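The values are calculated or read from the model by the stated rules, or taken from the named source; none is laboratory data. Predicted, not measured: the structure shown is a model, and the values here were computed from it. Neighbour counts run over all protein chains shown; Cβ positions are idealised from the backbone, glycine included.
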Amino acid sequence: MTRKQPWAVTLEPGTHYICQCGKSQNPPFCDGSHEGTGKEPFPLEIREKQEVYLCGCLKSANLPFCDGSHEKEA
């Protein structure tokens with residue numbers, strides 16, 4: 001599921017797998033729906049609890065983070 005705005009999430013320390021195929025039923029996290037798409041989740045290592053803004057449109061040049069690309073879409 002893609003969307004026009006970023007996902008603002010607070011992540012605990014550890015590795016989080018961020019969906020890059022747009023098919024997850026648990027966005028922005030991977031749920032395995034990418035099987036057969038040729039896309040793989042982005043492993044994001046977090047060292048300390050923090051709020052991050054994850055790309056929702058999947059067009060960021062800085063994946064998995066939002067870079068404002070959603071604002072450039074028509």
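Contact list please: Cβ distance under 8 Å, first residue in region 59-74 and within 19 Å of Glu45 (Cα to Cα) and surrounded by 10 or more Cβ atoms within 10 Å (Cβ to Cβ), second residue of a type in the set (Phe, Trp, Tyr) and at pLDDT 90 or above, pairs at least six apart or on different chains.
What qualifies is Leu63/Phe42; Pro64/Phe42; Phe65/Tyr53; Cys66/Tyr53.
Within the set of pairs 6 or more residues apart or between chains, which connect a residue that is on the phi > 0 side of the Ramachandran plot inside region 15-37 to a residue that is assigned to a loop (DSSP other than H, G, I, E, B) and among the β-branched types (Val, Ile, Thr) with Cβ atoms less than 7 Å apart?
Close Cβ pairs satisfying both conditions: Gly22/Thr2.
Which count do you get for residues in region 4-14 that are closer than 18 Å to Cys66 by Cα, without any contact (Cβ under 8 Å) to a residue 60 or more places away in the chain and in a loop (DSSP other than H, G, I, E, B)?
0
Somewhere in region 59-66, is a residue in a strand (DSSP E or B) and either at pLDDT below 95 or not hydrophobic (A, V, I, L, M, F, W, C) (or both)?
Going through region 59-66, the residues in a strand (DSSP E or B) turn out to be 65.
Checking which are either at pLDDT below 95 or not hydrophobic (A, V, I, L, M, F, W, C) (or both) leaves us with none.
Checked region 59-66: no residue is in a strand (DSSP E or B) and either at pLDDT below 95 or not hydrophobic (A, V, I, L, M, F, W, C) (or both).
Can you find a residue that is aromatic (Phe, Trp, Tyr), surrounded by 16 or more Cβ atoms within 10 Å (Cβ to Cβ) and modelled with pLDDT of 95 or more anywhere in region 6-18?
Filtering region 6-18 down to residues aromatic (Phe, Trp, Tyr) leaves 7, 17.
Those left that are additionally surrounded by 16 or more Cβ atoms within 10 Å (Cβ to Cβ): 7, 17.
Keeping just the survivors that are modelled with pLDDT of 95 or more gives 7, 17.
Yes, region 6-18 contains at least one residue that is aromatic (Phe, Trp, Tyr), surrounded by 16 or more Cβ atoms within 10 Å (Cβ to Cβ) and modelled with pLDDT of 95 or more.
Residues are listed down the side, and each one gets a yes or a no for (1) under 10 Å from the mean Cα position of the chain (by Cα); (2) closer than 14 Å to Ser60 by Cα:
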{"position": "Arg3", "(1), (2)": "no, yes"}
{"position": "Pro6", "(1), (2)": "yes, yes"}
{"position": "Thr10", "(1), (2)": "no, no"}
{"position": "Gln20", "(1), (2)": "yes, yes"}
{"position": "Lys23", "(1), (2)": "no, no"}
{"position": "Asn26", "(1), (2)": "no, no"}
{"position": "Ser33", "(1), (2)": "no, no"}
{"position": "Gly36", "(1), (2)": "no, no"}
{"position": "Lys39", "(1), (2)": "no, no"}
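Looking only at residues in region 15-48 that are of a type in the set (Ser, Thr, Tyr) and in contact with a strand residue (DSSP E or B) (Cβ under 7 Å, 6 or more places away or on another chain), which one is nearest to Met1 (Cα to Cα)? Spell out how you get there, then give the answer.
Initially, region 15-48 is screened for residues of a type in the set (Ser, Thr, Tyr), giving 15, 17, 24, 33, 37.
Now narrow it down to the ones that are in contact with a strand residue (DSSP E or B) (Cβ under 7 Å, 6 or more places away or on another chain): 15, 17.
Numbers: Thr15: 21, Tyr17: 15 Å.
Restricting to residues being of a type in the set (Ser, Thr, Tyr) and in contact with a strand residue (DSSP E or B) (Cβ under 7 Å, 6 or more places away or on another chain), the top hit is Tyr17.
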